[in-house]
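**Student:** Below are the structure tokens for one structure; questions will follow.
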Amino acid sequence: MKKIFYLVLMLLTITTLSQAQEQKKSYGKVLRHVVLFKFKDSSSIADIKKVEDAFRALPSKIKQIKSFEWGINNSPEELNQGFTHCFMLSFSSEKDRAIYLPHPAHKAFGATLQPILDKVLVIDYWAKK
């Protein structure tokens, strides 16, 4: 009976240590989804504002979005090639991003872009320190 007890205790310890290692490995890992927009010259300020508002609303509609920020280019280097808007979303996993991409709210947002978007650039990466 003692042998079974120690065997079970050893298995529980190994399992706990293994889970702790996995948590330690994934702790702080963040998947970034960076989206840059270049709008058509014919786009109105009101149309662009609608896009900004619609993108800002996505985190309240899609729970897999861990964090969100955005801004408008103000670099003095003038290397933006016409891209003016940057949006950065963070996800905890590729699975969360895979839920976001086809999500109905994301698809509806994409439809608002069609008439005014000239180009889009998307880069995803695992953040490193």
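Here, each number is a calculation from the coordinates, and none is a lab measurement. Since we're looking at a predicted model, the values are computed, not measured. Cβ atoms come from the backbone with ideal geometry, glycine included; neighbour counts cover every protein chain shown.
**Student:** Cα-Cα over 19 Å: which of Lys29/Lys129; Lys29/Lys107; Lys40/Lys119; Lys38/Lys95; Lys38/Lys63; Lys40/Lys61?
**Tutor:** On the way: Lys29/Lys129 10 Å; Lys29/Lys107 26 Å; Lys40/Lys119 8 Å; Lys38/Lys95 28 Å; Lys38/Lys63 27 Å; Lys40/Lys61 27 Å.
As for pairs spanning more than 19 Å Cα to Cα, those are Lys29/Lys107; Lys38/Lys95; Lys38/Lys63; Lys40/Lys61.
**Student:** Just order 104-112, 75-83 by mean Cβ neighbour count inside 10 Å, highest at the front, would you? Kindly include the intermediate steps, with their values, before the conclusion.
**Tutor:** On the way: 104-112: 12.8, 75-83: 9.3.
The most tightly packed comes first, giving 104-112, 75-83.
**Student:** By the scheme Lys and Arg +1, Asp and Glu -1, what is the net charge of all other residues having a beta-carbon under 13 Å from that of Lys128?
**Tutor:** Numbers: positive: Lys29, Arg32, Lys129; negative: none.
The answer is +3.
**Student:** Another one. Where in region 75-115 does the label zone of Tyr125 land, with the point 7 angstrom along Cα→C-beta and an amide N cut-off under 20 Å?
**Tutor:** What the label zone holds, given the 20 Å backbone N cut-off, is 75-95, 97-98.
**Student:** Report, by chain and number, residues whose modeled amide H sits under 5 Å from the one on His85, excluding near sequence neighbours (fewer than 5 apart, same chain).
**Tutor:** Under 5 Å from the amide H of His85: Phe37, Asn73.
**Student:** Name the residues whose placed amide hydrogens come within less than 5 Å of the amide hydrogen of Asp118, ignoring near sequence neighbours (fewer than 5 apart) on the same chain.
**Tutor:** Lys38, Phe39, Lys40
**Student:** Between Ile99 and Ala46, what's the calculated FRET efficiency when r is the beta-carbon distance and R0 is 25 Å? Round to 0.05. Walk me through the numbers on the way to the answer.
**Tutor:** Details: r = 31 Å, r/R0 = 1.26.
My answer for the efficiency is 0.20.
**Student:** Can I ask one more? Could you list which residues have their amide H under 5 Å from that of Asp124, counting only those 5 or more apart in sequence or on another chain, with H placed in the peptide plane?
**Tutor:** When sequence neighbours closer than 5 places are left aside, the close amide H contacts are Val34.
**Student:** Using the Karplus equation 6.51 cos²θ - 1.76 cosθ + 1.60 (θ = phi - 60°), what ³J(HN,Hα) coupling, rounded to whole Hz, does each residue of region 117-129 give in order, writing x for Gly and Pro?
**Tutor:** So the Karplus estimates, Gly and Pro as x, are 8, 8, 9, 9, 10, 10, 10, 10, 7, 7, 5, 10, 10 Hz.
**Student:** Quick one: if you stick a label point 7 Å off each Cα along the C-beta vector at Cys86 and His106, how many nm between them?
**Tutor:** Going from the Cys86 label point to the His106 one covers 2.1 nm.
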